[in-house]
Every structure is written in structure tokens, then in C-alpha cells.
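Before any comments, here is the structure.
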């Protein structure tokens, strides 16, 4: 047995050395690839050409899939691999391009610019060459001076102070300045901006947390208030930073956010609260976890790793939201009978009804989540 | 402008050609790598060495991370890339190794072997060189013959028929045969196997759906009933197919599954049911979706893409489960007051209490889910 082991080692070591040598070559090719990509970026910058070129990416993937088959490689594997490479290349390119300002002579005032979200935007503007001023509670005495000649006042303060801050800052603004806010509700702030400021008004809601380093493919909802043309450069700048812009009205935005934010977070909170209440054996449970359950429980755990005040703000934002959440709780009561009478058929009927309503989204969700489960297995 | 564009095209085309040439080289290196890996697998097969070698993988990743920095590449990017490559290599290796049987002379009877899960296991056994017999409702007349000389009887029938099938098959089994079931509850089936069969007994619960092609890193819970030593070869075979084996008692298993399966699926069902009840604008909602919400809604949609009868089985499996789900519904009622009185502070207090209970899992969940969100952004 010992001899056999020695024999095995003698045979496997040269194979492993060969694999290591191949990996070293791949690595140096990736470094060369990165250098070429940087040259492309430099060229694009000179000619003001957008970084992201979806058609070229898809061409490249299609070609590589074909070539894979000729080389006896799995095309899905090759596609997965190049999605990682192309994303890295896109991030690199976007980082380089961030320097470019759409209207770099514009003066920006970020109100609440020391908060997390305010800082994120202040940094993005600064990197893109804008002159950025920060207004906080501490230098409010200088508000009038700081507002002088500004082209954009961006309100980034906690939701309960937004309206009040809008009222206080508006009298100092030049009438041509664009007034915008980053609050996660839009009806009240936009209405107040319109009534207190006579110039261009734009409601903005970034659908992401303030810990990002790059806006690549992140969604930002904008709800136009007044003079969309005058707001165009700002929206364009958000796009250039990599964000996807979704246009909506304040009413529609708030209605959809009731579901997307309040209901979802509240349902997650309730689930976590019940696990805690039941003293579920969390760590042993995880050992019993298929990747999909791990992922779902991860979504619950993720919530509780974050700031409770932020979630209180989101959940309790409006009376309408609180009514919706109460309706959700009461709607669950409809299922008690079904459980008590052990009525499986009723469950199947209800299930089918909902499935029909979800329609093609279900299959798409199945595909997307299966993809993610594979990623989870790969990594952890 | 036209001239400028021509100029840009002239300059960018050679760069793109160079990138394409690099990609072709990477592809051919990956094909060579795969060939070397296949040689390693062949060697391992001869020497009966396990395929997956976590330490070697981690060494390789650490070394590549270091080398990346020397080449000006992002180490995280390199790690992501090699996780994809190593996973592919592992899948390839496992596929090759599946041929190996731990006890290839053993005769296997799969009861319910035409069902989805039964077929999956019948195929795995067949691929590994075992003699596999299938017993279904249609050939039940031959049950006695099919049971002759068998070494393993694997019961894979719907949950409500498991106990009955165990009772019917046991009298035909050789007393040395291992009797095992694949049901998603374990207390009743294992108790009944122990009382009707005198030989080795093992409860088995695969924590995955029957649509998998490979068990790589999937979890299988085993609850020993009698004569663990005699069950060893079967558990070892499951490991060799790539599964992770978690040992438990039938009691503990069922208690944990109440949470992992019943509660989770029921909560998801309730959420989907409420969205349908409210007629939420699903497609517009998705346009407003950050990757994390898309992922969460995807988890809900995913449920409704599947078989309602399967979920009815899971949710209504036992009286205890139905009681737990009722308790869950009622526990939500505790939050109505908080919503009605707009008591944000109470929410923050409850939130903190749960967060403390989740402990370090929250941060881990944050890391894992952030990783997945990146993957989602990459791909969709």
C-alpha cells in the first residue's frame, strides 16, 4: 500500500506541475487581456464612446461557445467563465470612465453629504470632476453662501427630515438650480420641492444601499417634477456612472415601493422574529440545508445584519404602508381553517391560482435561481 | 465626426483582434487543462483516491491570488474565475468517478423506481455498475421474486404511501438486506421499518429535488435505525457520488424539517398568495427591482413553478407541522398593535433582539448574499 502510494505520487506530481504551468499561462494571458482592455478604454474616452457594448459581448460569448465545442469544452462552462471576465472588464472600464463629467463645470451642493448615501454621491461627483459642496447640520449657518451659483442641490437626509430640509433650503437656491432628493418615498418630497422651489425639480430614488463602490447595473428611479430638459444632464450622469434609470410618477413609485420595500422587508422581519421566538436551532438547521434554503435563510439573516432604524423608516414611512402590512397579517388568517381541517386540496387549488397569476415569471425565476444555486455550490 | 469615427474604428479594431487572439489562447489552454485533469482522474480511479481534494484547491486559489497581485490583476476576480474552473473540473471528475461502485456486486431494489426520485437513484446505481431492479404498482405481483437475494431495498414512494409500502414489502426481504427509505419525514417510516424488518435499517432524506444530474455538494440526511456497520457501504456510496452526509436521529430530523421545509415553504406561499390577492403589478415591480429584490421575488416565483402536490405533502405532512404553521400565522398578529400605534421604537427593539439571536450568521449571510448579488448582476 505504501509503495502503491509512492507510485501514485510519482505519477500525479508531473501532471499537477503541468496543470500549474497551464494556470500560470492563463494568468499571464488574463493580465495581457486587461492591458488591451485598458487601451480600448483610453480610446473610448478620447472619442466619448460608451464603455458597455452589449452586442460585442454577446458576439464574443457566442463565438467562444462555438469554439468550446470544437475543443471539447462545455459551452455553458465557457460562458460562465467569460461572464466573470467580461464583468471584471466592465467594472474596470466603468471605474476609469467615472472621471468623465457630463457637465463638469456644474456646482453641486449635497445636503446631508456626510451621511452614507450623501457621501457616495458626493464622491461620485468629485471623481467626475465636479465642484462639490457639502451642507450638514454643523455648517447650516453658511447655507446661504454654499447655495450661491449652484446648479444642483441634492437632498440626502433621513426620510423624516426631508420635507423640512426642502423647506429650509429652497429660499436660498438660485431659481435656475435643479432641486433633487434621494428619499425612498417620492409623493411628499416632490410635492414640497415643487411648491417651495420655482426651478427644475427631480425626485430620485436609488434602489441600493450606500455601501456600493460602483453603480454598474444598479437601478435608480427618477420621478420628474418640473422642467425635465433642465434635469437631463443629471440623469445622463447617473447613466454614465453605470446605473439603469427607470422613469415613474411619484404616485406609481410609492405604490410599487409599498410592495418592493415595505411588504418584503416586513415579511422577512416576521419570519426571522418567529425563528427567534421559537428558538429554532439555527446552526444545526444550516447543516441540514440545501443550497436553496441556505440562500433563503441568508436573505433573512442579511436583513438583521443591517441598521434597524433604516428598516423602521422604510416600513413605517406612511400610513398607507402600515395599513398594507396590517392587511398582510390579516390575510394570513385566511389560511388557518385550511390547516385545521388538513385540507390539502384547498391548498393545491390556491397554489394553482397563484401560479397562474405569476405566469411566465415563475419559469424565469426557476432558471435564474437555479443559476444562483449553482454559483452558491461553486463558492461555499 | 464621420472622420473621427473612422479614425476610432481604425484604432480599436487591432486592439479587439488582439483581445480575440488572447481569448483563443485562453480557450486552448483550458482545453489542455481539462485533458490533464482527465489524466489525474484516471490515475485516481486506479488508486481508489477520492476526487475532491479541498486542500489542493485552496492552495491553488491562494497561490493564484498572490500571482494575480504581481500581474496587476484583482485577486477576487481571479478567485471567482478559478472557482468556476475548479467546479467544472470537479463535476467532470465526479461524472467519471460515478462508474465506481463501493460494493458493485450488491443487488438493489428500488421500490417506486419509476418515480422521479426513484429514477434518479436507480440511474446512479446503474451507472456505478450495480444490478438494479425496479418495483412499481404495475409489477407488484412479482414483488417476492424481485426481492430475492437483494442487498438493499430502497423505498421511494409518495409520503402518504411510505408506511403502507414498508409493511407490504418487509415480509419478502432477506433478513440480511438493508431496508432504507427516501421520505422527507423520518420518525414514522423508520419506526415502521424497525418493527417490520429484522435486518439493517436506515432512514435517508435527500435534501434536493429529483431534477439534478449530479449530487455534487448536495446534502443527504441519514437517520440510522439498526446495524449501522451493515449500512456503511450505502452511505459511502452516497458520499462517493458527491453528496454531503449529515447524520441525525429521526426526531431531530423531523423537528428541523418543520422549520427548513414546512415553515419556509408556507411563508413563501403566503407571500405569493398575498401578492396575487392584491393584484400587485408584477412586471412593473420587476423594473423597479434591485438585484436583491429580484432574487427574493425569484424565490417566491420559483415555488409556484413547481408541483403543488409536492408542497401540499411537505406542508401538511404531520399534525405537528400544521400546528407550527398555525402558530406562525398567529405570531404575526403580535405585530398589529405596533403598526397601528406607529411604534417605530418597538420595531427597532424587536429587530435588535432578533439580530442578537441571529448572531454571527447575519454577517456571514450578508457576505454570501452580496456574493450572489454580484453573480446576478454579472449574468442578467
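Before moving on, here are some points about what is shown:
- Residue that is in contact (Cβ under 8 Å) with a residue 12 or more places away in the chain, more than 7 Å from chain A (Cβ to nearest Cβ) and in contact with a helix residue (DSSP H, G or I) (Cβ under 9 Å, 6 or more places away or on another chain), where the choices are B:324, B:330: B:324
- Among the candidates B:224, B:210, the residue that is touching a helix residue (DSSP H, G or I) at 6+ places or on another chain (Cβ under 8 Å), within 27 Å of residue B:310 (Cα to Cα) and part of a strand (DSSP E or B) is uniquely B:224.
- Number of the condition not met by residue A:185 [criteria: (1) in a loop (DSSP other than H, G, I, E, B); (2) surrounded by fewer than 22 Cβ atoms within 10 Å (Cβ to Cβ); (3) at pLDDT 90 or above]: (2)
- When the range A:337-352 is filtered for residues that are surrounded by 14 or more Cβ atoms within 10 Å (Cβ to Cβ) and facing another protein chain (nearest Cβ under 7 Å), the ones remaining, listed by number, are A:339, A:344, A:347, A:348, A:350, A:351.
- Filter pass, residue B:10 being at pLDDT below 90, more than 20 Å from residue A:26 (Cβ to Cβ) and either more than 7 Å from chain A (Cβ to nearest Cβ) or touching a helix residue (DSSP H, G or I) at 6+ places or on another chain (Cβ under 7 Å) (or both): yes
- Of all residues in the range A:238-256, those that are over 17 Å from the mean Cα position of the chain (by Cα) and not in a loop (DSSP other than H, G, I, E, B) total 5.
- The test for being closer than 30 Å to residue B:204 by Cα and either touching a residue at least 12 places away in the same chain (Cβ under 8 Å) or more than 8 Å from every other protein chain (Cβ to nearest Cβ) (or both) does not hold for residue A:278.
- Which listed residue is more than 8 Å from chain B (Cβ to nearest Cβ), modelled with pLDDT under 90 and either crowded, with 20+ Cβ neighbours inside 10 Å or in a helix (DSSP H, G or I) (or both), from A:259, A:314: A:314
- Matching residues, the range B:298-307, being buried (at least 22 other Cβ atoms within 10 Å of the Cβ), at the interface with chain A (Cβ under 7 Å from one of its Cβ atoms) and either more than 29 Å from residue A:205 (Cα to Cα) or out of contact with any helix residue (DSSP H, G or I) (no Cβ under 6 Å at 6 or more places or on another chain) (or both): B:304
- Failed item, numbered, when residue A:244 is tested on (1) within 29 Å of residue B:279 (Cβ to Cβ); (2) surrounded by fewer than 17 Cβ atoms within 10 Å (Cβ to Cβ); (3) at pLDDT 90 or above: (3)
- Within the range A:38-58, residues that are more than 10 Å from chain B (Cβ to nearest Cβ) reach partners that are at pLDDT 80 or above and assigned to a helix (DSSP H, G or I) with beta carbons closer than 6 Å, at six or more positions or on different chains, in the pairs A:57/A:86.
Listed here are the residues, each with its yes/no results for (1) modelled with pLDDT under 90; (2) over 30 Å from residue A:19 (Cα atoms); (3) assigned to a strand (DSSP E or B).
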| position | (1), (2), (3) |
| --- | --- |
| B:87 | yes, no, no |
| B:99 | yes, no, no |
| B:114 | yes, yes, no |
| B:141 | no, yes, no |
| B:145 | no, yes, no |
| B:160 | yes, yes, no |
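- Taken as a whole, the range A:193-215 holds at least one residue that is modelled with pLDDT of 95 or more, touching a strand residue (DSSP E or B) at 6+ places or on another chain (Cβ under 6 Å) and surrounded by fewer than 21 Cβ atoms within 10 Å (Cβ to Cβ).
- Within the range B:271-290, the set of residues being in a helix (DSSP H, G or I) and buried (at least 21 other Cβ atoms within 10 Å of the Cβ) comprises B:271, B:272, B:273, B:274, B:275.
The values are calculated or read from the model by the stated rules, or taken from the named source; none is laboratory data. Every value quoted in this text rests on a predicted model; they were computed, and no experiment measured them. We place every Cβ from the backbone using ideal geometry, glycine too, and count neighbours over all the protein chains shown.
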